[in-house]
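Beneath this line is the structure, given in structure tokens, with notes to follow.
The values are calculated or read from the model by the stated rules, or taken from the named source; none is laboratory data. Keep in mind that what you see is a predicted model, and the values were worked out from it rather than measured. Positions of Cβ are backbone-derived with ideal geometry, glycine not excepted, and every protein chain shown enters the neighbour counts.
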Amino acid sequence: MMNDGDYAQQRKLLTLDDSHLARATPSKHEDAEKLGATAQPTEKKPNKQIVKKEMSTTTSKLGKKYDRKQIEKLDKQFHSELRKMFRKSNCADCGKKHPNWATLKRGKFVCINCAQKLRADSSNRVKSCMGTYLWHPDEMEVMREGCKSS
């Protein structure tokens, strides 16, 4: 049991500590628990406002915007096509076999080491062909053109 001096001391400490959002009095739920009652949270009514959903878009490294759902549907097809293309080629910079990265600036395939070097140039758009990134139609067109010119 607290005597009046202890209560005054505790009250003083709580008042000093108000900047940290300490409560000097117990909440309604704490009072209900002390009395043995079960505190029931009030239910919120669902908001019946109609929310207009915006189309989810994704932007290619070349700057065009596309509907995300369409790009996700095309992703497997694009990666399959990319695998066929890069398995036939060597790194455009060092000549290693089976490069699995692409530089969209030139439309060529490069190995991971050369891709890291190309990232330093901000005008280069370097992308993995192994499924890490979503590929967009404009990016695929650049790679198709680059492979034709090889």
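Quick rundown of the values:
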quantity	calculated
Residue within the range 28-48 that is closer than 30 Å to residue 137 by Cβ, among the basic types (Lys, Arg) and either loosely packed, with under 12 Cβ neighbours inside 10 Å or at pLDDT 85 or above (or both) present	no
Evaluation of residue 118 against (1) within 24 Å of residue 77 (Cβ to Cβ); (2) touching a strand residue (DSSP E or B) at 6+ places or on another chain (Cβ under 9 Å) (one fails), failing number	(1)
Any chance residue 118 is surrounded by 14 or more Cβ atoms within 10 Å (Cβ to Cβ), over 23 Å from the mean Cα position of the chain (by Cα) and free of Cβ contacts under 8 Å to residues at least 60 places away in the same chain	yes
The range 93-111, residues that are surrounded by fewer than 14 Cβ atoms within 10 Å (Cβ to Cβ) and either under 25 Å from residue 71 (Cα atoms) or of a type in the set (A, V, I, L, M, F, W, C) (or both)	94
Scope the range 50-63; condition surrounded by 13 or more Cβ atoms within 10 Å (Cβ to Cβ) and among the charged types (D, E, K, R); matching residues	61
